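See below for the structure under consideration.
Each reported figure results from applying straightforward, stated rules to the coordinates on display, with no laboratory input. Just so it is clear, the model here is predicted, and its values are computed rather than measured. Glycine gets a Cβ as well: all are built from the backbone with ideal geometry, and neighbour counts include every protein chain shown.
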Amino acid sequence: MNAVSIEDLRRVYDGDVIAVDGVTAQFAAGTFTAVMGPSGSGKSTLLQCAAGLDRPTSGRVLIGGTELTATREAAMTRFRRERVGFVFQDFNLMPALTVTQNVTLPLRLAGRRVPAGRVHDLLAGLGLGDRLGHVPAELSGGQRQRVAIARALIAEPDVVFADEPTGALDLRGAREVLDLLRAAVRDFGRTVVMVTHDPVAAAYADAVLFLADGRVVDRMDQPTASAVAERLTLVGVS
Amino acid sequence: MIIVALALSGLRHRTGAFVATFVSATLGAAILMTFAALLDTAAGTTDTVSRDALILMASVAGGWCLLIVVFAVSSTMSLSVRQRSPEMGVLRRAGATPGQLTRMIVGEAVLVALIAAAVAVPIGLALGRVLLDLLADTGQVTASVGYAFGPIALGLGFGVTVLGSVLGALLAARRRPSPARSARGRGRVIAAVVLLAAGVTCGVLTATVMKGQGAAAMQTAGQASIWSAAGLALLAPWLLRLTARAVPRLSASGDLAVINVRQQAATLSGAVMPVIIFVGISTATVAMQAIEDTASAGRVRPGLEKSIQTLNYVVVGMIALFVAIMLVNTVLAVTAGRRGEFARQRLAGATPGQTLTMVAAESALLTVTGVGSGLLASVVTILPYGYARAGDWTPPVPAWPFPLIAAIAVLLTLAATLGATRRAIRGRAITAVA
């Protein structure tokens, strides 16, 4: 079963800038996929369209078999907070809220009961058990991104999209975050789609999708960092 | 030279950010020029009674306005400077020294103030004539006194506007890099205590020294609520946190509102201050005039009392209008500065409706704090004046002004907040967080 299915997706900005040019891709449930490509290859736009944060010019997106059809922001937001998690490069946590408040925010906005025990277990499992009452400014970059991942996972979404989740982190913070995403897939059966430009990060995934000029140009299973790096240079010249 | 060029380009490219400052500076300058023109007129007249009346009105009423205008212009200016901290950060990283940044901010402030004061000249010129006609109509000034608008009006109008703007710019420029908030907080509390003490003293004087002095007690009674309102306005961040603490937990939007108000009390209280001053001064004056009308009912009123009544309504009308515009101005500026925060919230799953509900709940907290404090400030006028004029600590004051004035404050705040929030959450959240 596919967690995410993208069919002939195009995104054109301002009438003539083609960011995504007819991408078709499936992401099976319980898999970890990296999306790579040079700057301007359309990978972030693709991710945002798939997550309902941007609207495709044409084509279809299905999340857990349901098509994203909502045109109004309110309806789209309701769908997103039930079915989609998103992790950003610069965390996008609410600075005024504590770790616990940030993580439970999507549930509370959805009017759902907050399972205190599960929130605590999740945060403890992420090594944030002693940080529950802290605000983001009191945390390291790696810790902030772990809070953001907890927030993305709390609603048990069909898929978690991550856009350069290690882009603002040091090596150690990056490794922690990647281990975490890997564990979410392997141990808890979640589906993760991650945009990155780092071959080492991509090597944590089950498969890598290569994008260039808004199109899928290649796919690699069981990637290694060196194989990805090598393939990436070819994408650059081809 | 590069700093002047930067200041100019800043103005050209960020017109929106300067509109709020410009509007409040223009209005402030116009009001100052209106009263200062009375001094110009006094200087050109030979009739001593008229001259004294003009000087009295200009110094008493103009004095209050001076205080409020400096306060308003400097607070809007510092708000607009603070909202540009990312731009300042870029300049600092590009090698601008703190001195250069301060010169740039102050340069912009002077420029905005000068343009605003220039625009204010025709407005002040016209308003001053209206005010003089009013005084002539009520017989306080002889009709033959010729209107003059000259060096005093221009000097005070330009001088005070520029000074207020520079003060605000310097305060904002100095604050950013240093986290020395507590020292500033202490100074603020001391100033608030001094103002409150002045207000209460005026109230006590009204009930003691001025008792039996007739309508003259209005002088001290009126000032009692002005000083008190200014004092409470300085305490707005703390008052706001107090209100927020008293609110029960309800929904996610409501909770976010309470948390925001607690955490951003310093910024959000910018909107509470004008509410306090607006409610305090308007309520006090309307009630005071009602007490006066009851006390002097059945007698033919001497001209002086009649013109005091005119003066009261004109001055309060002007202050109320100015403060109301300040309120809208501040709310728009504060809300526009929260675009990124709203966007992060939307990315976390807040629908546009939930964001609007949240800011509406915040507005409710702000206005409850502002209206409550404003009414408290007006009590310092109403009770002593009632006692001085009617010998009664619970004077018969009509009830209608209170809900009316409160409703105006609530409507202005809510409409401005919701309008600005709607604008701020237009477009895609993902591009707005950057």
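Please list, short to long, the whole-number percent of alpha-carbon pairs of the stretch B:239-349 in consecutive 10 angstrom bins beginning at zero.
12, 29, 24, 16, 12, 6, 1
Given the Cα-Cα distance of residue A:70 and residue A:124 and 0.36 nm per residue of separation, how much length would full extension add, in nm?
Numbers: separation 54, 0.36 × 54 = 19.44 nm, distance 3.59 nm.
Full extension from residue A:70 to residue A:124 adds 15.8 nm.
Identify the residues of the stretch B:43-84 with backbone N under 13 Å of a label point that sits 7 angstrom from the Cα of residue B:144 along the Cα-to-Cβ direction, or state none.
Taking a point 7 Å out along Cα→Cβ of residue B:144, the residues of the stretch B:43-84 whose backbone N falls under 13 Å are B:45-50.
What angle do you read, to the nearest 10 degrees and between 0 and 90, between the alpha-carbon axis of helix B:252-263 and the longest principal axis of chain B?
The angle comes out at about 70 degrees.
Amide H neighbours of residue A:211 under 5 Å, at least 5 residues apart or on other chains, H built in the peptide plane: list them.
Residues meeting the amide H criterion: A:36, A:37, A:217.
With a/c under 1.5 counting as rounded, go ahead and sort chain B into rounded, prolate or oblate using the C-alpha gyration tensor (a ≥ b ≥ c being the square roots of the eigenvalues; past the cut-off, prolate if a/b is larger than b/c, else oblate). List each step's numbers first, then the result.
Details: a/c = 2.20, a/b = 1.38, b/c = 1.59.
In terms of gyration-tensor shape, oblate.
If eta is 1.306 mPa s and T is 10 °C, what Stokes-Einstein diffusion coefficient results for chain A, Kirkwood Rh from Cα pairs, in µm²/s? Walk me through the numbers before you get to the answer.
Details: Rh = 18.1 Å.
D = 88 µm²/s.
Which ³J(HN,Hα) values in Hz, rounded to whole numbers, follow from the phi angles of the stretch B:44-59 under the Karplus curve 6.51 cos²θ - 1.76 cosθ + 1.60, where θ = phi - 60° and Gly and Pro get x?
Calculated HN-Hα couplings, in order: x, 10, 9, 6, 5, 5, 4, 4, 4, 4, 5, 5, 4, 4, 4, 7 Hz.
Take B:385, A:204 and order them by how many other Cβ atoms sit within 10 Å, fewest up front. Present the calculation step by step, with values, prior to reporting the outcome.
Details: B:385 32, A:204 23.
Placing the least packed residue first, the sequence is A:204, B:385.
Quick one: Karplus J couplings for the stretch B:224-229, per residue in order, coefficients 6.51, -1.76, 1.60, θ = phi - 60°, nearest Hz, x for Gly and Pro?
With the stated coefficients, the stretch B:224-229 comes to 3, 6, 5, 4, 4, 4 Hz.
How big is the charge dipole of chain A about its Cα centre, in debye rounded to the nearest 20, if each Lys and Arg gets +1 on its Cβ and each Asp and Glu gets -1 on its Cβ?
Numbers: 26 positive and 27 negative charges, 162 e Å.
The calculation lands at about 780 debye.
Show me the ranking of peptides B:151-157, A:205-211, B:230-236 by mean Cβ neighbours inside 10 Å, starting with the highest.
Values: B:151-157: 20.1, A:205-211: 22.4, B:230-236: 25.0.
For the peptides B:151-157, A:205-211, B:230-236, the packing ranking is B:230-236, A:205-211, B:151-157.
How much space per residue, in cubic angstrom, does the convex hull of the C-alpha atoms of the protein assembly as shown take up? Spell out each step's value before the answer.
On the way: hull volume 120.4 nm³, N = 672.
Cα-based convex hull of the protein assembly as shown, divided per residue, equals 179 Å³.
Using a Förster radius of 22 Å, what is the FRET efficiency between residue B:310 and residue B:209 based on their Cβ-Cβ separation? Nearest 0.05, please.
Values: r = 25 Å, r/R0 = 1.15.
Calculated value: 0.30.
How many Cβ atoms of partner chains, on average, are near each residue of B:246-253 if near means within 10 Å of its Cβ?
Numbers: counts 0, 0, 0, 0, 0, 3, 11, 2.
Counting other chains' Cβ atoms within 10 Å and averaging over B:246-253 gives 2.
Give the average, rounded to an integer, of partner chain Cβ atoms located within 10 angstrom of each Cβ in A:95-102. Walk me through the numbers before you get to the answer.
Details: counts 5, 8, 7, 1, 0, 0, 4, 2.
Mean shielding count: 3.
Which one, B:336, B:222, B:312, projects farthest toward the positive side of the charge dipole computed for the stretch B:178-434 from Cβ point charges (K/R +1, D/E -1)?
Positive-end residue among those listed: B:336.
For a label point 7 angstrom out from the Cα of residue A:14 toward its Cβ, which stretches of the stretch A:25-46 have the backbone nitrogen within less than 19 Å?
Correct set: A:39-46.
Would you mind calculating the relative contact order of the stretch B:178-434 from Cα pairs under 8 angstrom and at least 6 residues apart, reporting the percent as a whole number? All intermediate terms of the calculation are to be shown ahead of the outcome.
Values: 356 pairs, mean separation 80.2, N = 257.
The value is 31 percent.
Just to confirm the number: angle between the C-alpha axis of helix B:236-245 and the first principal axis of chain B, 0 to 90 degrees, nearest 10?
70
Rounded, prolate or oblate: pick one for the stretch B:1-175, where a ≥ b ≥ c are the square roots of the eigenvalues of its C-alpha gyration tensor, a/c under 1.5 means rounded, and failing that, prolate if a/b is larger than b/c, else oblate.
On the way: a/c = 3.28, a/b = 3.04, b/c = 1.08.
Because a/c hits 1.5 or more and a/b exceeds b/c, the stretch B:1-175 counts as prolate.
Taking the Cβ-Cβ separation of residue B:186 and residue B:163 as r and a Förster radius of 25 Å, what is the calculated FRET efficiency to the nearest 0.05? Could the numbers behind the result be given before it?
Values: r = 24 Å, r/R0 = 0.97.
Calculated transfer efficiency: 0.55.
Taking the Cα atoms only, what angle lies between the long axis of helix B:181-207 and the longest principal axis of chain B, rounded to 10 degrees?
20
What average number of partner chain Cβ atoms lie no more than 10 Å from the Cβ of the residues making up A:73-86? Write down the numbers at each step before the final one.
Working: counts 8, 5, 1, 1, 11, 2, 0, 5, 5, 1, 0, 1, 1, 4.
Counting other chains' Cβ atoms within 10 Å and averaging over A:73-86 gives 3.
What nm distance separates the two modelled labels at residue B:321 and residue B:428, each placed 7 Å from Cα along Cα→Cβ?
Reported label-point gap for residue B:321 and residue B:428 is 4.6 nm.
Cα gyration tensor of the stretch B:150-280, axes a ≥ b ≥ c as square roots of the eigenvalues: rounded (a/c below 1.5), prolate (a/b > b/c) or oblate? Before the final figure, lay out each step's value.
Values: a/c = 2.26, a/b = 1.30, b/c = 1.74.
It is oblate, given that a/c is not under 1.5 and a/b is not larger than b/c.
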